[in-house]
1. What list do you get for Lys168, Lys195 if you sort them by fewest beta carbons within 10 Å?
2. What do you get for chymotrypsin sites (Phe, Trp or Tyr not before Pro) in segment 70-132 restricted to DSSP loop and a cutoff of at most 10 other Cβ within 10 Å of the site's Cβ?
3. Going toward the positive end of the dipole of the chain, with +1 on Lys and Arg Cβ and -1 on Asp and Glu Cβ, which of Ile162, Ile61, Leu207 do you reach last?
4. Is it possible to state the helix-based mean residue ellipticity at 222 nm for the chain, with each DSSP H run of 4+ residues giving -39500 (n - 2.57), the sum divided by total residues, to the nearest 500 deg cm²/dmol? What is it?
5. Given R₀ = 41 Å, FRET efficiency for Val10-Arg129 by Cβ-Cβ distance, to 0.05?
6. Can you tell me the dipole magnitude for segment 49-223 around its Cα centre, using point charges on the Cβ only (Lys, Arg +1; Asp, Glu -1), in Debye to the nearest 20?
7. Can you give the Rg and Dmax of segment 87-237 based on its C-alpha atoms, in angstrom?
8. Need the C-alpha centroid separation for segment 1-77 versus segment 102-138, integer Å.
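Nothing in this text is a laboratory measurement; each read-out follows from the coordinates by a stated rule. Nothing here was measured: the structure is a model prediction, and the numbers come from that model. No Cβ is skipped: glycine too gets one built from the backbone with ideal geometry, and neighbour counts run over all protein chains shown.
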Amino acid sequence: MLRNRQLKKVFIFNDRETIKTMTETLGSKVFTYLPDPVYNYPMRDGLEIREKYKIDASRKILLAFGMIDRKKNVVNLLRGLQELSAGEAANTCLLVVGKVFHEYEAPLAEALAEAKKARPELQIVMESRFVDDDEMESFVNQCDVVSLAYINFYSSSGVMGIASRHNKPIIATKFGVVGDLTSQYQLGVAVDGHKPEEIKEAFRYFLHQSKTEFPKRAAQFVADHSSEAFIKTLLEL
């Protein structure tokens, strides 16, 4: 592709490290940062998630959203949260929203049963179905913390933009684009998703803080990754 002298730019979503690596390795300056646009959907009228799922106001809600497969790492979320103290678990709700991938059903069911047995004080809500965009907006808007503690996932995530637009802190993977952007914009706490202990400690931080320092630069992230920024970058071609 680089042998084509007419090639002006190769756009890469949200990943400055890959642009740097490819520029240095291939000796070409065509690789260009393209902001993954943060979309803005209306919220579902009348959807009150605490009322719908009977989640007490005292509980902080950790939301895992999207197609629920191995990369979403809900098994390790459960393993981490079940290590909370009884008092901490009584103030916690894990809300898992999204269609569970068939191959993930068995390990998720096993982890769910284990968590309920080990820590019955922990509230766990599962909503295994496809969710419309306006519902997604309401779920993110009404939760307290969003999980992006993915495993074996290194690209951009649209959920990060939605969480930032609603000014919600995230628990993110340390690795890949999500980890880089979390650090750059100080959007939350980064963990190794393979380690339930790190997930537990990250959530404990948010559980015990009435007002946290995160996210610090969510508004800047949204501005830098707006639809206008996306279109402007393309038009500069």
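1. Numbers: Lys168 22, Lys195 15.
Fewest-to-most Cβ neighbours within 10 Å comes out as Lys195, Lys168.
2. On the way: sites: Phe101, Tyr104, Phe130; in loops: Phe101, Phe130.
Passing sites in segment 70-132 are Phe130.
3. Ile162
4. Numbers: 11 runs with 97 residues, N = 237.
Computed mean residue ellipticity for the chain: -11500 deg cm²/dmol.
5. On the way: r = 38 Å, r/R0 = 0.92.
That gives a FRET efficiency of 0.60.
6. In total the dipole reaches around 280 debye.
7. Rg and Dmax of segment 87-237, Cα atoms, are 16.5, 57 Å.
8. Cα centroid of segment 1-77 versus Cα centroid of segment 102-138: 22 Å apart.
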